[in-house]
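Below you'll find the structure, written out as structure tokens, and then a few comments.
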Amino acid sequence: MKSATTYSGVMMSLFLLAFFLIYGGTHLYLFFKVKAALSPGIPSSLFLAFFLLLMVITPVLVRVLESQGLEAFARFEAYTGYLWMGFIFLFFSASLSIDIYHGLLHGAGFLFQRDFSALLLSKRTALFLSLAWGMATALYGYFEARNIRTERVVISSPKIPREAGKLTIVQISDVHIGLIVREERLKRIIAQINGAEPDILISTGDLVDGQINRMTGLAELLQDIRPKFGKFAVTGNHEVYAGLEQAVGFTERAGFRMLRNEETTASGLINVVGVDDPAIRRVTHFRSAPEKTLLLKASPDRFTLLLKHRPVVDRESLGLFDLQLSGHVHKGQIFPFNLLTHIFYPVRTGFALYPRNSALYVSRGTGTWGPPIRFLAPPEVTVIELIHADKEK
């Protein structure tokens, strides 16, 4: 256990180093943009530098306050710091786009020996355009994050018994219950779930996000959802960050059966196989059986549902599952961050078919991580309807 803990600590240190280099760099970029455009005096520059430094360390400050049980202060800092995080990312994206535009004009001028300076924006104009874009889009994104959509998918399969009629599976993913996603947001999500009248409720990881133990009443809200054929969940990476034992305990109190590298059936109608998120390997020596081995235990005559937090399809598992449900990527949550997530996860959102009659559905996520903002990636509750289809002759 000691070596696993050491490895976890090293990985977390590397993550924090990368985070602060990138996040601190965006703040330094903003500082120099303001200096170049407005030429503030020494007192104003010092005040700006202090404010930006405070915003850089706010995510750490939130965790410190959280670990000390100072919930009210932690929540205030979380809203302030994470709203700012969303804003500065949007500002940086806009300002960098203007810089690229200017660079292309300069390159074209050099290449064609022409003067395109009339098309350049002044430093002041570029700054205010980027600031306005960041603030307006962050405001819009705050309300988009609260506008939970219902996405419907209909799948027909001969493995669904004719007598079962229609099986309705509701998937939630990446809810991130913690400092920001609390009772009000959770009640909205529950209303969407209940409106779909699920036979089975699925959580594909990151249900919780935080270290505070006093999430009184939140598990009980989820506990009141009682689908006919059960509730199943798997771990995500944030269950590890929040404390695996606490996160699993919360999920089980909410009435979910945690599938941790195991397979079961939902009332004998469909197979449900769940695998742990790879982040768990950082905190334990335990090595589970390969995914393929778990799937081989499931009856091939039943429809097999594979629950897996990250939208990575194991090629060796193709043909052994009918539908994999995943989340994790939030569709980037804030455009254009989805362009980066696409590098690591080709299927960013929605339904995708694979060889040997296997399919993948990737949820955009139901809550938010970090900034309570979504831009061009609204949250979703997914309703999957499984219906019987006759075998092709």
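The values are calculated or read from the model by the stated rules, or taken from the named source; none is laboratory data. Only a predicted model underlies this, so the values are computations on that prediction, with no experimental measurement involved. Neighbour counts run over all protein chains shown; Cβ positions are idealised from the backbone, glycine included.
Scanning region 179-220 for residues that are among the small types (Gly, Ala, Ser) and out of contact with any His (no Cβ under 9 Å at 6 or more places or on another chain) returns Ala191, Gly195, Ala196, Ser203, Gly217, Ala219. Do we find a residue being at pLDDT 95 or above and crowded, with 20+ Cβ neighbours inside 10 Å anywhere in region 100-109? No; the residues of region 100-109 include none that is at pLDDT 95 or above and crowded, with 20+ Cβ neighbours inside 10 Å. Contact map, region 318-346: residues that are at positive phi paired with residues that are buried (at least 16 other Cβ atoms within 10 Å of the Cβ) and basic (Lys, Arg), Cβ distance under 8 Å, separation 6+ or inter-chain. Pairs shown: His328/Arg310; His330/Arg364; His330/Arg374; Lys331/Arg348; Lys331/Arg364; Gly332/Arg348; Gln333/Arg374.
Here is a check on your reading of the model: is Val273 more than 20 Å from Arg302 (Cα to Cα) and β-branched (Val, Ile, Thr)? Before you say what the answer is, go through the steps one by one.
Working: more than 20 Å from Arg302 (Cα to Cα): no; β-branched (Val, Ile, Thr): yes.
Criteria not met by Val273.
Scanning region 205-244 for residues that are under 16 Å from the mean Cα position of the chain (by Cα) and of a type in the set (Val, Ile, Thr) yields a count of 4. When region 304-326 is filtered for residues that are within 21 Å of His342 (Cα to Cα) and either in contact with a Cys (Cβ under 7 Å, 6 or more places away or on another chain) or of a type in the set (S, T, N, Q) (or both), the ones remaining, listed by number, are Gln324, Ser326. Residues considered: Leu222, Leu295. Of these, the only one that is closer than 30 Å to Arg162 by Cα, at pLDDT 90 or above and either in contact with an Asp or Glu (Cβ under 9 Å, 6 or more places away or on another chain) or assigned to a helix (DSSP H, G or I) (or both) is Leu295.
I'd like to check something: does region 59-78 contain any residue that is at pLDDT 95 or above, of a type in the set (A, V, I, L, M) and assigned by TED's automatic domain parsing to the domain that holds Gly24? No, every residue in region 59-78 fails to be at pLDDT 95 or above, of a type in the set (A, V, I, L, M) and assigned by TED's automatic domain parsing to the domain that holds Gly24. In the set Ser299, Ser317, only one residue is of a type outside the set (Val, Ile, Thr) and either under 23 Å from Tyr345 (Cα atoms) or touching a helix residue (DSSP H, G or I) at 6+ places or on another chain (Cβ under 9 Å) (or both); that residue is Ser317.
Going by what's in this entry, would Leu53 be described as in a helix (DSSP H, G or I), within 26 Å of Ala242 (Cα to Cα) and at pLDDT below 95? Give the steps one after another, and end with the answer.
On the way: in a helix (DSSP H, G or I): yes; within 26 Å of Ala242 (Cα to Cα): yes; at pLDDT below 95: no.
Here the answer is no, as Leu53 does not meet what is asked.
Please specify each residue of region 303-314 satisfying the condition of being assigned to a strand (DSSP E or B) and either of a type in the set (S, T, N, Q) or farther than 23 Å from Val170 by Cα (or both). Passing the criteria: only Thr304. Taken over region 88-105, the criterion of being under 21 Å from Gln333 (Cβ atoms) and either aliphatic (A, V, I, L, M) or in contact (Cβ under 8 Å) with a residue 60 or more places away in the chain (or both) is satisfied by Ile88, Phe89, Leu90, Phe91, Phe92, Ser93, Ala94, Ser95, Leu96.
Considering region 158-172, the residues that are of a type in the set (A, V, I, L, M, F, W, C) and farther than 11 Å from Leu325 by Cβ include one that is nearest to the chain's Cα centre (by Cα), namely Leu167. What number of residues within region 162-178 are surrounded by fewer than 15 Cβ atoms within 10 Å (Cβ to Cβ) and out of contact with any strand residue (DSSP E or B) (no Cβ under 6 Å at 6 or more places or on another chain)? Residues that pass the stated criteria total 2. Restricted to region 344-362, and to residues there that are hydrophobic (A, V, I, L, M, F, W, C) and surrounded by 14 or more Cβ atoms within 10 Å (Cβ to Cβ), the residue that is nearest to Ile148 (Cα to Cα) is Val362. What residue, among those in region 102-125 that are aliphatic (A, V, I, L, M) and assigned to a helix (DSSP H, G or I), is farthest from Phe91 (Cα to Cα)? It comes out as Leu111. For region 48-90, a residue qualifies if it is over 23 Å from Arg374 (Cα atoms), among the acidic types (Asp, Glu) and in contact with a helix residue (DSSP H, G or I) (Cβ under 6 Å, 6 or more places away or on another chain), and exactly one does: Glu66. Against the definition (over 24 Å from Ala191 (Cβ atoms) and modelled with pLDDT of 95 or more), how does Arg374 come out, yes or no? Considered against the rule, which asks whether it is over 24 Å from Ala191 (Cβ atoms) and modelled with pLDDT of 95 or more, Arg374 comes out as no.
Conditions tested, residue by residue: (1) in a helix (DSSP H, G or I); (2) polar (S, T, N, Q); (3) surrounded by fewer than 17 Cβ atoms within 10 Å (Cβ to Cβ).
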{"position": "Asp301", "(1), (2), (3)": "no, no, yes"}
{"position": "Glu316", "(1), (2), (3)": "yes, no, yes"}
{"position": "Lys331", "(1), (2), (3)": "yes, no, no"}
{"position": "Leu339", "(1), (2), (3)": "yes, no, yes"}
{"position": "His342", "(1), (2), (3)": "yes, no, yes"}
